[in-house]
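Data first, discussion second: the structure below is written as structure tokens.
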Amino acid sequence: MSSWEQRTDYLVEVAQRCLRGHQSFDLCRSHLVAASQISKGTIYNHFTTEADLVVAVACAQYQGWLNAAESEQQGDTDPFECYLFHHCQRLYDVLAQKRFVIERMMPNQELLQQASEVYRDRFNDLFAQYCQWNQGMISAVGDRPGFDRYELLKNYIRGTMINSDDGLKCCDDVQTYYQFSYAMAQLMGHSDRRIPTKQTFSVWLAQREPQQTNAAA
């Protein structure tokens, strides 16, 4: 990785930290100067428009989801549970780390048109890959006729992330993840499948606590 790419990654990490706990993307390129201790000119070279910064943050988030999905899929042979726990982990990250919900902003075609080609192309590629992973997992669980299950789930998950963040829900509430999984199973058309029990989620949350401590540090 070149020094340019390393600096870009660092600036995106700084931006993500600055956005923690925010319900709107109220971060500008100029705000990164003090937060990163990097000159304004250098920052503007990396992000030539404000849209570049938004899209770069979105790219980092989608890349993170893809990396997690690949790792989780290797460790869980059941696509049903893999899909549920993947999105539960995403919800946990929003609530525990106060991560900015990038779905508030992206995908956004108008914003993408304002972004530089390199960021626009990268986002479109990552977005397509993540959509493909989700569609593949839903199909692996078992397609159900009558509805576009992928669209139903995508819209529900997006709404849950935003509403849970707005509602300041606690990250360690077992019922939150149990209900979330129940709704996803229903929307997949698999109400006959048994979702993880509350006890399973309790153990899962206990395993997340060290991660939360490390993230806070």
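The values are calculated or read from the model by the stated rules, or taken from the named source; none is laboratory data. Only a predicted model underlies this, so the values are computations on that prediction, with no experimental measurement involved. Please note: Cβ atoms are built from the backbone with ideal geometry, for glycine as well, and neighbour counts cover all protein chains shown.
Let me confirm something: among LEU112, LEU95, which residue is crowded, with 19+ Cβ neighbours inside 10 Å and touching a Cys at 6+ places or on another chain (Cβ under 6 Å)? Testing whether each residue is crowded, with 19+ Cβ neighbours inside 10 Å and touching a Cys at 6+ places or on another chain (Cβ under 6 Å) leaves just LEU95. Within the stretch 14-30, if we keep just the residues that are outside any loop (DSSP other than H, G, I, E, B) and free of Cβ contacts under 8 Å to residues at least 24 places away in the same chain, the residue that is surrounded by the fewest Cβ atoms within 10 Å (Cβ to Cβ) turns out to be SER30.
If you go through the stretch 31-49 and keep only what is assigned to a helix (DSSP H, G or I) and either within 18 Å of ARG17 (Cβ to Cβ) or touching a Leu at 6+ places or on another chain (Cβ under 7 Å) (or both), you end up with HIS31, LEU32, VAL33, ALA34, ALA35, SER36, ILE43, HIS46. Scanning for something buried (at least 17 other Cβ atoms within 10 Å of the Cβ), in contact with a His (Cβ under 9 Å, 6 or more places away or on another chain) and among the polar types (S, T, N, Q), does the stretch 191-212 turn up at least one residue? No, every residue in the stretch 191-212 fails to be buried (at least 17 other Cβ atoms within 10 Å of the Cβ), in contact with a His (Cβ under 9 Å, 6 or more places away or on another chain) and among the polar types (S, T, N, Q). Restricting attention to the stretch 140-164, the residues that are of a type in the set (Asp, Glu) and either closer than 15 Å to CYS88 by Cβ or in contact with a Gly (Cβ under 7 Å, 6 or more places away or on another chain) (or both) add up to 0. Condition check for SER71 on (1) within 17 Å of the chain's Cα centre (by Cα); (2) at pLDDT 95 or above: one failure, at (2). Here is a check on your reading of the model: is GLN61 in a helix (DSSP H, G or I), more than 21 Å from ARG194 (Cα to Cα) and either without any contact (Cβ under 8 Å) to a residue 12 or more places away in the chain or not aliphatic (A, V, I, L, M) (or both)? Considered against the rule, which asks whether it is in a helix (DSSP H, G or I), more than 21 Å from ARG194 (Cα to Cα) and either without any contact (Cβ under 8 Å) to a residue 12 or more places away in the chain or not aliphatic (A, V, I, L, M) (or both), GLN61 comes out as yes. Residues in the stretch 116-168 that are in contact (Cβ under 8 Å) with a residue 40 or more places away in the chain, surrounded by fewer than 18 Cβ atoms within 10 Å (Cβ to Cβ), of a type in the set (A, V, I, L, M, F, W, C) and part of a helix (DSSP H, G or I): PHE127, TRP133, ALA140, ILE162.
Scan the stretch 170-191 for residues that are assigned to a loop (DSSP other than H, G, I, E, B) and either without any contact (Cβ under 8 Å) to a residue 12 or more places away in the chain or touching a Cys at 6+ places or on another chain (Cβ under 8 Å) (or both) and the total you get is 2.
Just one of (1) closer than 16 Å to GLN97 by Cβ; (2) modelled with pLDDT of 95 or more; (3) assigned to a loop (DSSP other than H, G, I, E, B); (4) among the charged types (D, E, K, R) fails for ARG194. It is (1). Quick check on the stretch 100-115. Is at least one of its residues closer than 30 Å to ARG29 by Cα, of a type in the set (A, V, I, L, M) and in contact with an Asp or Glu (Cβ under 8 Å, 6 or more places away or on another chain)? Yes, that holds for at least one residue. Checked against (1) in a loop (DSSP other than H, G, I, E, B); (2) modelled with pLDDT of 95 or more; (3) not aliphatic (A, V, I, L, M), THR200 passes all but a single condition, namely (1).
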